[in-house]
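So the structure is just underneath, and the comments pick up after that.
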Amino acid sequence: MEPTDHLLAAAQRFGYVADGEVWLRPVLGQPARRVGLVKESDADALTYFARRFEAFQAKVDELLDRMAASDNQGSFLMKVLHLKEQTLAFDALGDFAALRHRLEAAEAAVAVGVARNREKNLATKIGFVEEAEALRESVEWVSASEKVKDLRQGWLKTGPVDKARADELEARFQAAIQVFFDRRRAFQADKKAMANRAVNRYRDLVLQAEQLKDSPQFEVASRQLKQLQQTWREVGGNLPKKQAAELWSRFRGANNYFFERLKHHVESQRAAGPHAGAPGSPEELLARKRALAERAEALLNVAPQEAIQQAKNLQTEWKQVGTVRGEESDRIWQRFMLACDKVFELSALEYHLRKRPLPEGGAPGGRAQLRAAALRELLITDAEELETLRGNFDNLAATPANEGFRQLLQTKIRSLERKVRTKNDLIVLFDQQARKLA
């Protein structure tokens, strides 16, 4: 058999020649259709159009093979429909009915896959909508914003759903996201306004301190600066680090400048007294110690690590002043030690809180509340330790052999009692700050 004989046989099965024209027999509900002309012989013409059908069939085979191997069969739908339409108009001789049946089966398979994908897309988009609606009232602005961004990307990457649900879901999703961003915008505006108010208040305190730093009225200016320091602690507000550092540097500089003048003033008064070179009078020594106490109290506004070193320096200066007896001296001593104790306790507290930052978006007094809560937790441990020390002291017989150890226990008890009192004082301070900032 010649290589073209099977083509000629197929052509004769599905077509024929009449009056020099090649015709396709009736198929797919259509009447006989003219597909071409006879240019040489009838056999050559029939073979040519059979070969064209083989080429068209190969194109269909390739498309269906690619479609079967793909995970996204829906993307081939338009090509399937195009080839299906060509079965009614392509000029060739062959089994167009069988070819169209294959294409219709592929079209039906795509329709099933599309329906299945749309159901899957519907479930995915409903999940996105519910997550977006759950984020509407969130105050975790950073993490929630990242989550909303992920939801948006996921929404765009998810395929279509049935038109009956598409508009409803789109409206719910966009509305939930808009609510979140409107709330975030309002929060940021409030935060900016609060920061502006805090900046203005800090600047006012800086100007007041700078106006007082050269005052010759030492006692009055000292009280006023101390009040400014207390007000500074109560302002609150989160400022950019650079701006906060600049304002604090100016405020601290003005205070340090004044108290250094006060120190020199007291020393010059002592040197100019009737017994120059001899130990100062009790009044002068008390004034120096009072100034040291005020400087120690001012350290509550200094960064903890810097405040610790300054407190130690002040303790060294205290020892160099000399001894003054009397109730006033004892009261100043208590002020001085309480201020130093607060500095050391604040440093320990800040170290404890390093891994417990204030959540973003918290209330203005949140930092003070967090500090007070942490101190209350630490007091539980202190109370347990104090109870153990007291129990050990009570159980230790008061004999000469035990006297040294009993004294050591008493020292530890008094030290721990001081720590407890200091923590309670700081809790009161932080609770007051939280209420004022609420």
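The values are calculated or read from the model by the stated rules, or taken from the named source; none is laboratory data. Remember, it's a predicted structure, so these values are computed and weren't measured experimentally. As a convention, Cβ positions derive from the backbone with ideal geometry for all residues, glycine included, and neighbour counts pool all protein chains shown. When the accessible area is computed, the model is the full protein with side chains, heavy atoms only, and any ligands, DNA or RNA have been set aside. Shrake-Rupley method; radii C 1.70, N 1.55, O 1.52, S 1.80 Å.
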Can you tell me which condition PHE96 does not meet? The list is (1) modelled with pLDDT of 90 or more; (2) over 11 Å from PHE56 (Cβ atoms), and all the others hold.
(2)
Screening LEU93, LEU83 for residues that are in a helix (DSSP H, G or I), in contact (Cβ under 8 Å) with a residue 12 or more places away in the chain and not charged (D, E, K, R) leaves only LEU83
Counting only residues that are among the aliphatic types (A, V, I, L, M), over 16 Å from ALA18 (Cβ atoms), part of a helix (DSSP H, G or I) and open to solvent by less than 70 Å² (accessible area, probe 1.4 Å), how many does region 28-80 have?
9
Does PHE258 satisfy the condition of being over 19 Å from ARG201 (Cβ atoms) and either modelled with pLDDT of 85 or more or not in a helix (DSSP H, G or I) (or both)?
yes
In this structure, is LEU389 free of Cβ contacts under 8 Å to residues at least 60 places away in the same chain, under 25 Å from ALA348 (Cβ atoms), in a helix (DSSP H, G or I) and open to solvent by less than 70 Å² (accessible area, probe 1.4 Å)?
yes
Inspect all residues belonging to region 202-218 and state whether any of them is among the β-branched types (Val, Ile, Thr), crowded, with 18+ Cβ neighbours inside 10 Å and closer than 30 Å to ALA293 by Cβ.
yes
From the residues in region 380-404 that are of a type in the set (A, V, I, L, M, F, W, C) and at pLDDT below 85, which one is nearest to the chain's Cα centre (by Cα)?
LEU386
The one condition LYS226 fails out of (1) in contact with a helix residue (DSSP H, G or I) (Cβ under 7 Å, 6 or more places away or on another chain); (2) not acidic (Asp, Glu); (3) not in a helix (DSSP H, G or I) is (3)
Considering region 295-319, residues that are of a type in the set (D, E, K, R) and under 16 Å from GLU345 (Cα atoms), and then whichever is least open to solvent (accessible area, probe 1.4 Å), we arrive at GLU297
Taking region 1-25 on its own, how many of its residues are more than 11 Å from LEU93 (Cα to Cα) and open to solvent by 80 Å² or more (accessible area, probe 1.4 Å)?
5
Of the residues GLU306, GLU267, GLU328, GLU377, only one is of a type in the set (Asp, Glu), closer than 25 Å to PHE251 by Cα and at pLDDT 80 or above; which?
GLU306
With the structure loaded, tell me whether VAL60 is in contact with a Phe, Trp or Tyr (Cβ under 8 Å, 6 or more places away or on another chain), of a type in the set (A, V, I, L, M) and either closer than 30 Å to ASP162 by Cβ or modelled with pLDDT of 90 or more (or both) or whether it fails that test.
no
I'd like to verify a number: residues in region 270-284 that are surrounded by fewer than 19 Cβ atoms within 10 Å (Cβ to Cβ) and either at pLDDT 70 or above or assigned to a helix (DSSP H, G or I) (or both), how many?
4
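Considering only residues that are without any contact (Cβ under 8 Å) to a residue 40 or more places away in the chain and either of a type outside the set (Lys, Arg) or within 14 Å of GLN174 (Cβ to Cβ) (or both), which ones fall in region 145-159?
Selection gives SER145, GLU146, VAL148, ASP150, LEU151, ARG152, GLN153, GLY154, TRP155, LEU156, THR158.
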Scan region 219-229 for residues that are farther than 15 Å from VAL266 by Cβ and either modelled with pLDDT of 80 or more or open to solvent by 80 Å² or more (accessible area, probe 1.4 Å) (or both) and jot them down.
ARG223, GLN224, LEU225, LYS226, GLN227, LEU228, GLN229
